[in-house]
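Engineer: Got a structure for you, written out below as structure tokens; questions coming shortly.
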Amino acid sequence: MKYYITTPIFYPNASPHIGTAYTTVAADAFARYHRMKGDDVYFLTGTDENAQKIVRTAESKGMDPKRYVDGIVERFKSLWEELDISNDDFIRTTEERHHKVVKALFTKLHDQGDIYKSEYEGWYCTPCETFWPESKLIDGKCPNPDCGREVELLKEESYFFKLSKYQDVLLKHIQEHPEFIQPVSRRNEMIRFIEGGLEDLCVSRTTFQWGIQVPFDPKHVVYVWLDALINYISALGFPDGELYKKYWPADVHLMGKDIVRFHAVIWPIILIALGLPLPKEVYGHGWFLSKEGGKISKSRGNVQDSFELIQRYGSDAIRYFLLHEMQVGTDGTYSEDNLVERLNSDLANDLGNFVSRSLAMIVKYRNGLLPKASEDTALEQELKALSQEVKAKVEERMEALDPAGALESIWRLVARMNKYVDETAPWALAKQENSQARLDQVLHTFAEAIRIFAILCAPFMPKLPGKMLQLLGVDQEMLRWEEADHWDVLPAGIQVEKGQPLFPRIDLSQWKTEGENQNVNQEQNNAQQSTEKLTEQAQDQTSSENQISEGKLEFEPIKEEITIDEFAKIDLRVAKILQAGKVEKTDKLMKLEIEVAGEKRTIVSGIAQHYAPEDLVGKSVVIVANLKPAKLRGIVSQGMILAASQDGVLEVLTVNKDLPGGARVK
């Protein structure tokens, strides 16, 4: 089955950034997934170089436009290489193969009466490459919410394309093919736009000469959108190329929401006019916003160097963060603090910790030789059923172009495997002579889970599977998608190694300035980070290699001394738990309604993997009552529950005597 996916072609007027990278990383994840499924994939990306903004940027730098874009294009290609982008082609609109197709199609549309010459007068935004009617301007400026810059009144002879002629045909197609524009919010937006009436489109310019000349009227150059959109077929060798015959129409045009209109309205009408098949789906994802709420974009000056981020954290980590944070139909939020928090929590603690613990125990208890699996218990049967459910859900979400949903499904299994480690307690089984067969089964299950995670994570983090399989002592032939829910695949007797941590925990302070570090230290005093530290420390302790390899406990160093006056600032109280429930979309957090000193409060605590909600209701626990409130997953947490942890066991501190909620603990 063929699968043709494209990104938009990007403006090379400045180096690529995180917002640019998301589209390409997402397209790459879909391409890799379909390849693993056995599909015949073609993945196209590239650069849109025939634009007035390119000319102006080059002139501002005293450079020839072609020489300028050549340098920027190399930056794009280098970034895609650093991010392990597996595109099959990279199209540049300055290439002759593209010029040839654009000239032929412009001529055809003109000859059949769909392009005509007239004079255009309107307000033009150079950064957006868009003419705007005066009625659309906001305070005399570009109405694009991501722009808002000055526009200029232009009057020039131009060629126009009869968009209005085909609007009813397009509207009918959209209504008959609801999957054509996704997600639904973008589809509804485009329907309203078309129903408002389409104006004919200006498709040539005479005020500059950079671009593709109109073959029968060389003082005109083809205006950017008619030129740019044709790349999706010019790259395939339209009309006679084997690639065109094989892969068109595209299965997915993937892009940011700000250019959906051009791909869902202008491009399909061009194709309708030419009598060519329409793409199957136009998908407009959200933007990455800064913590302040603005779009991450070059025009806003709030971009961060992508190469520097990859050097700091690694390409797999950056890819994971980007794909995880963009939920369907919404915008994602980017900050380096959020990035580090996500990487430490999901990759270092959850996945990395499980792999390290598991392999270290196989090395310790079986000298690194994978034991033969014995008989399943209800626990293993539950894991196998869950893996089938997770694989099916990942496939469903990837077909729906929802990598964030796919990753959340995978992490359900990651969380369950971490819980399985604690439930089976291999360190205890190792001490029992009559439990060795059971220990073999548990250790074999660990290794199989690592293999499954390598397969499931492969579309999202391409470097990771090779590392995981190397630790298992097998090659990448084991990356078979159809076996992502199969168990007992690994042969007994293979030699595993514990290796280095796949994702070492990150200390953001090493990248911060002194002033930024002071802010970080202040933030670490709030309840959110205290709660998360409780969970992280509990998991870190269970992963200590020294505990496993040497058979002895290792404790964190006791912190520096404080005075009695400093301790007196901490208000510890008994609190009665009235209600408890897990926080949605997280495996670690539990929401607790408590009563303390005559008032009811809400506390969010990282104990959900260790307690069932019903086991906590009615208990008296110890809390830090005067901790500054913080918002966790949208819930205001007013305090912190105290707990002790060691060797994967976490226990909340409780008070057995019938003391009232609010009693002092001292």
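Engineer: What nm value, rounded to one decimal, do you get for the distance between Val617 and Ile562 when each label is placed 7 Å out toward the C-beta?
Structural biologist: With each label placed 7 Å out from Cα toward Cβ, I get 3.5 nm.
Engineer: Compute the helix-to-body angle for 403-424: its Cα long axis versus the longest principal axis of the chain, expressed 0 to 90° and rounded to tens.
Structural biologist: Computed tilt is about 10 degrees.
Engineer: So, one more: Of the listed peptides 111-123, 51-63, 593-605, what is their order by residue-averaged count of other C-beta atoms within 10 Å, with the highest listed first? Each step should come with its number before you reach the end.
Structural biologist: Values: 111-123: 14.4, 51-63: 16.4, 593-605: 19.2.
Sorting 111-123, 51-63, 593-605 by mean packing, highest first, produces 593-605, 51-63, 111-123.
Engineer: Among Thr126, Leu83, His324, whose Cα sits farthest toward the positive end of the charge dipole of the chain (+1 at Cβ of Lys/Arg, -1 at Cβ of Asp/Glu, about the Cα centre)?
Structural biologist: Of Thr126, Leu83, His324, it is Thr126.
Engineer: Can you work out the FRET efficiency for the pair Phe216 and Lys165, with r the C-beta to C-beta distance and R0 = 22 Å, to the nearest 0.05?
Structural biologist: Efficiency for this residue pair is about 0.55.
Engineer: Sorted by packing (mean other beta-carbon atoms within 10 Å per residue), highest first, where do 326-335, 379-388 land? Could you put the intermediate results ahead of the total?
Structural biologist: On the way: 326-335: 18.3, 379-388: 15.8.
Ranking, from highest mean packing down: 326-335, 379-388.
Engineer: Now for a different question. Relative to the Cα centre, what is the charge dipole magnitude of the chain, using +1 at the beta carbon of each Lys and Arg, -1 at the beta carbon of each Asp and Glu, and rounding to the nearest 20 debye?
Structural biologist: Roughly 520 debye, rounded to the nearest 20.
Engineer: Right, next: At what distance in nm do the modelled label points of Lys431 and Gln311 sit from each other, each positioned 7 Å from its Cα along Cα→Cβ?
Structural biologist: 5.0 nm
Engineer: For a 25 Å ceiling on Cα separation, which of these pairs sit above it: Lys103/Lys141; Lys53/Lys141; Lys619/Lys666; Lys37/Lys364; Lys393/Lys631; Lys628/Lys657?
Structural biologist: As for pairs spanning more than 25 Å Cα to Cα, those are Lys103/Lys141; Lys37/Lys364; Lys393/Lys631; Lys628/Lys657.
Engineer: Among Leu413, Val596, Ser185, whose Cα lies farthest out toward the positive end of the dipole of the chain, if unit charges sit on the beta carbon of Lys, Arg (+1) and Asp, Glu (-1)?
Structural biologist: Going by the Cα projections, it comes out as Val596.
Engineer: With every protein chain left in place, what is the accessible area per residue of the chain in square angstrom, probe 1.4 Å?
Structural biologist: Working: 28800 Å² over 666 residues.
Accessible surface, normalised per residue, equals 43 Å².
Engineer: Counting Lys and Arg as +1 and Asp and Glu as -1, what is the net charge of the other residues whose Cβ lies under 14 Å from the Cβ of Gly237?
Structural biologist: Charge balance near Gly237 sits at -2.
Engineer: Over the chain, what percent of the accessible surface lies on carbon and sulfur atoms, probe 1.4 Å? Spell out each step's value before the answer.
Structural biologist: Values: 13850 of 28800 Å².
Ligands and nucleic acids excluded, carbon and sulfur reach 48 percent.
Engineer: Give the separation of the Cα centroids, the range 384-440 to the range 334-360, in Å.
Structural biologist: That distance is 16 Å.
Engineer: Work through the residues other than Asn434 whose Cβ is under 15 Å from its Cβ and net out their charges, Lys, Arg +1 and Asp, Glu -1. It would help to have the intermediate numbers written out before the result.
Structural biologist: Details: positive: Lys431, Arg438; negative: Glu375, Glu433, Asp440.
Value of the local net charge: -1.
Engineer: Next question, about the same structure. Below 12 angstrom from the Cβ of His486, what's the summed charge of the other residues (Lys, Arg +1; Asp, Glu -1)?
Structural biologist: Local charge sum for His486: -1.
Engineer: While we're looking at this one, here's another question. So I have (i) 46, 38, 25; (ii) 41, 30, 20; (iii) 54, 30, 22, and one of them is semi-axes √(5λ) of the Cα gyration tensor in Å calculated from this model. Which one is it?
Structural biologist: After the calculation, the listed value that fits is (iii).
Engineer: Report the FRET efficiency, 1/(1 + (r/R0)^6), for Asp488 and Asp88, where r is their Cβ-Cβ distance and R0 is 35 Å, rounded to 0.05.
Structural biologist: Using R0 = 35 Å, I get an efficiency of 0.45.
Engineer: Rolling a 1.4 angstrom probe over the protein chains, ignoring ligands and nucleic acids, what is the accessible area of Arg412 in square angstrom, nearest 10?
Structural biologist: Taking all protein chains as shown, Arg412 has close to 90 Å².
Engineer: In addition: At a 10 angstrom cut-off on C-beta neighbours, averaged per residue, how do the peptides 651-657, 458-464, 500-506 rank from highest to lowest?
Structural biologist: For the peptides 651-657, 458-464, 500-506, the packing ranking is 458-464, 500-506, 651-657.
Engineer: From the residues Asn353, Ser164, Trp267, which one has its Cα farthest along the dipole of the chain in the positive direction, the dipole being from +1 and -1 charges on Cβ of Lys/Arg and Asp/Glu about the Cα centre?
Structural biologist: It is Ser164.
Engineer: Also: Using +1 on the beta carbon of Lys and Arg, -1 on that of Asp and Glu, and nothing else charged, what's the dipole of the range 302-384 about the Cα centre, debye to 20? Please report the intermediate quantities before stating the final value.
Structural biologist: Numbers: 8 positive and 14 negative charges, 120 e Å.
That gives the range 302-384 a dipole magnitude of about 580 debye.
Engineer: When all protein chains stay in place, what accessible area (Å², nearest 10, 1.4 Å probe) is found for Met417?
Structural biologist: We get 0 Å² for Met417.
Engineer: Over the chain, calculate the relative contact order: mean separation of alpha carbon pairs under 8 Å at least 6 apart, over the residue count, as a percent.
Structural biologist: 11 percent
Engineer: Now, a different point. Provide Phe567, Phe238 ordered by accessible surface of protein heavy atoms (probe 1.4 Å), highest first. Intermediate results must be reported in sequence, preceding the final value.
Structural biologist: Numbers: Phe567 90, Phe238 35 Å².
Correct descending sequence by accessible area is Phe567, Phe238.
The values are calculated or read from the model by the stated rules, or taken from the named source; none is laboratory data. Here the structure is a predicted model, which means the values were calculated and not measured. A quick note on method: Cβ atoms are made from the backbone with ideal geometry, for glycine too, and the neighbour counts reach across all protein chains shown. Areas reflect the complete protein model, heavy atoms only, side chains present, ligands, DNA and RNA absent. Shrake-Rupley method; radii C 1.70, N 1.55, O 1.52, S 1.80 Å.
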